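Worksheet: the structure to be examined is printed underneath.
The values are calculated or read from the model by the stated rules, or taken from the named source; none is laboratory data. Every value quoted in this text rests on a predicted model; they were computed, and no experiment measured them. Positions of Cβ are generated from backbone atoms using ideal geometry, with glycine treated the same way; all protein chains shown enter the neighbour counts. These area figures cover heavy atoms from the full protein model, side chains too; ligands, DNA and RNA do not enter into them. Shrake-Rupley method; radii C 1.70, N 1.55, O 1.52, S 1.80 Å.
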Amino acid sequence: MSLYIDVIVDISVSRLDRIFQYRVPEKLEPEIIVGRQVQVPFGKGNRQVQGFIVGVGHEASYDEKKMKDVLAVDDDAPAAQGQLIALAEWIRLHYGSTMVQALKTVLPVRRHVREVRHVEYVLADKAAAEELLQKSRQNKRDKARVRLLEALLREGRLPKETVTEILQISPATLKAVLKSSAMREESSQIYRNPVRQRLGGWKETILNDEQRRAVEEIWQQGMTCRMNWRQEKAVHLLHGITGSGKTEVYMALMERVLDEGRQVIVLIPEISLTLQTVSRFYERFGSCIAIMNSRLSEGERYDQYMRAMRGDASIMIGPRSALFTPFDRLGMIIIDEEHEAAYKSETTPRYHARETAIARAEMAGAMVVLGSATPSVVSYTSALEGQYSLHRLTHRAKEGSLLPEVQVVDLREEFRMKNRGILSRPLREAMEVCLNRGEQMMLFINRRGYAGFVSCRSCGYVMTCGHCDVSLTAHHYGILKCHYCGYETRMPERCPSCGSPYIAGFGVGTQKVEAFVKTEFPQARVLRMDRDTTSGKDDMSKILQTFADGGADILIGTQMIVKGHDFSNVTLVGVLAADLSMFSGDYLSSERTFQLLTQAAGRAGRGSRPGKVIIQTYQPEHYCITTAAAQDYEGFYQQEIQFRRMMRYPPAAQMQMLLAEGADDGRTEAAVRKLKEMAEAADFKNVEMIGPSKANVSRAKDMYRYVLYMKHEDEKELIRIRDFMEGYLAWSDQFSDIYFTFDYNPIVSV
């Protein structure tokens, strides 16, 4: 049976959507691997061009008599682009998408941006220049040429800006002098640098015992894993408390990788890509760093990508998209704050950067380092089960710096004491003390994951689904819904627990807090950081820099103020509403709350002065609150994993979500129900299916949305049921007007 391959020729942006098929001669069949480089005849002249294999099969897509044969297969391992194409194939199989969608993810379409070049005019032949100058002085119309030659003989070289703007030399005069042997033009590309300033020169840090041990263990195991990636632990989880110096460990490892002539990708959540964070790397590694994030200009992004592609940069720092940097000597991938939801793509293919990084590292023979003070439950389980190597940092790196004192304030008690304001009495008193001492504070509003949950201000009771153990979401007309199983009930007039009439949707905004604080503390200098105040390109960096320089006493904001920032004068952190993410309507709400509270608490007391954290909550007894207050990750994990096992949520079981979107409400629901019934009738053992139910956002852009959840212990069984459903949809046009999306282990409710 003949073997055929799908090939992308000359990986260029304009041809991303075009795949060509070739026949494989029998002698080359053993060498065929997706992602490998091949030589093929192309076009009418059959010129030999380079291509990359993106698919393999035994079925010809058109007349075999007209098909051309592959000429040669490169013996070497896939190069950077070949690896990325192989990674696209892995993404397609693992997360479900078309090959074109996966290719556009790993090889994103990049508009060509004009290069910025530095041009200088250089004295090439002094004698010829002097001779030309003498002739030019004899002609009154050659005054401009005389100015140019005199300046050139005096300076030796002249920037183009000097020649055109100061000497006022026209293009015609330049062209005439360049034709002679007196002067030549030199041109070099200037890369637009997104790091506009430095916070000070790098000072060598002496690692403490814990940091040194982590570096040595990771490096030694990493060297071994290159010999046998599959059998050795090539993924390392660095679990370090806030302020323990994880970044110093990263940089020590990066230096060793660079010394070997290899390259590094550092992933940082987009929200943390601020000047303060990036500068720590930039100050140590300088110009070998390239940076990628959504706030860069089109020109800056283009220049950073080209520097990496041309080998002018050996470190790429950026959000999850930086994972697809075209490095061909990749030695390490670091994922900082690995627990962040930002590492999961919100568009098809819905890949997770952690799993995708591991897949790419295996292809490149590289190691992966995951770092967090609050690791995801999934990653920590993998470490405990021996799939990852676990390394711990249990002490703060800065001498004399200790974890802050944490106080939990019960807002139910504040309510009973007739305090209806935003600030509890303990927090208000602590703020006064902090201001009197000339110290700084941060007020954190925990809005992440807020989905309109309903709670009682008197007793703290939250309306939850009895079938899924997640909070019910408030909708119009007084309806409460569960977006996992579809359960609905009406909004009660009184609290079912205590009978209080004070039951309603829960929420508070940053602007309201800012106005309240300014009224209560008119002498304080207040900064607010949220989406409204950081819409400009450099707004976030400016606010953080102002705060770091002591230009404000109080910084108010959402989760963006608690991500990786290090302010030595901050001694107080107030968490105004810890409950907001605790009841976000999905199974990850407790994990997110614990992580956010622990990260927020970690901002206090990072200098020599002790810190204090005050957490305001209606649920002081909840385990994610008590363990965050105690900075007890192990205690949180043990309780959370019990909940996951009981409800069969990841990592206790794997989960897949099918999202259907259609213009007709009834047809969209019927389509999901039909797929569910077909899967139930087929041979899919022990797959638990929940739904269909309306999505969290049940209608968007005039499209109705329904979800179906599938759970099973084996990921392969979920992939099999996905392929079964996709196969039916490809074969039948019954639901051609409905758009279907599969999401493996979704991390938010849609």
Using DSSP to call loops (not H, G, I, E or B), can you name the trypsin sites (Lys or Arg not before Pro) in region 680-729 whose Cβ has at most 15 other Cβ atoms within 10 angstrom? 685, 701
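On full extension of the chain, what length is gained from residue 187 through residue 621, given 0.36 nm per residue of separation minus the C-alpha to C-alpha distance?
149.5 nm
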When you count, for each residue, the other Cβ atoms within 10 Å and take the mean per peptide, how do 657-664, 523-530 rank with the highest first? 657-664, 523-530
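Suppose R0 equals 60 Å. What FRET efficiency, 1/(1 + (r/R0)^6) with r the Cβ-Cβ distance, do residue 162 and residue 702 give to the nearest 0.05? Display every interim value, and only then the final one.
On the way: r = 59 Å, r/R0 = 0.99.
Step by step, r from the Cβ atoms, then E = 0.50.
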Rounded, prolate or oblate: which fits region 607-714 when a ≥ b ≥ c are the square roots of the eigenvalues of the alpha-carbon gyration tensor, with rounded for a/c under 1.5 and prolate only if a/b beats b/c? oblate
Given 413-424, 345-356, the highest-first ranking by average Cβ count within 10 Å works out to 345-356, 413-424
Would you please put 43-53, 597-607 in order of how densely packed they are, using the mean number of other Cβ atoms within 10 angstrom per residue and starting with the highest? 597-607, 43-53
How charged is the neighbourhood of residue 550? Take every other residue with its Cβ under 11 Å from the Cβ of residue 550, and add Lys/Arg as +1 and Asp/Glu as -1. -2
Partner lysines whose C-alpha sits under 28 Å from that of residue 418, ignoring same-chain residues fewer than 8 away, are 512, 518, 612
Measuring from label point to label point, each 7 Å out along Cα→Cβ, what is the residue 127 to residue 647 span in nm? 8.8 nm
Å² per residue, accessible surface of region 513-568 at 1.4 Å: 42 Å²
Probe of 1.4 angstrom, ligands and nucleic acids ignored: what's the accessible area per residue over region 588-681, in square angstrom? 33 Å²
Please tell me which of these pairs span more than 23 angstrom C-alpha to C-alpha: 676/711; 44/68; 27/716; 481/676? 27/716
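Please work out how much length the chain gains when fully extended from residue 93 to residue 531, using 0.36 nm per residue of separation minus the C-alpha to C-alpha distance, in nm with one decimal.
Taking 0.36 nm per residue and subtracting the Cα distance, the gain is 154.1 nm.
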In region 620-750 the accessible area split gives carbon plus sulfur, as whole percent at 1.4 Å, a share of 49 percent
Using the Cβ atoms and a cut-off under 11 Å, what net charge is assigned to the surroundings of residue 669, where Lys and Arg are +1 and Asp and Glu are -1? +4
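How much of the accessible area of region 355-407, probe 1.4 Å, is carbon plus sulfur, in whole percent?
50 percent
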If ligands, DNA and RNA are left out, what is the accessible area of residue 389 with a 1.4 Å probe, given in Å² to the nearest 10? 10 Å²
Lys and Arg at +1, Asp and Glu at -1: add these up for the other residues within a Cβ distance under 12 Å of residue 411 and post the number. +1
For 118, 467, what's the largest-to-smallest order of accessible area, 1.4 Å probe? 467, 118
So if each residue of separation counts as 0.36 nm, and I subtract the Cα-Cα distance between residue 71 and residue 39, what length gain in nm does that give? 11.0 nm
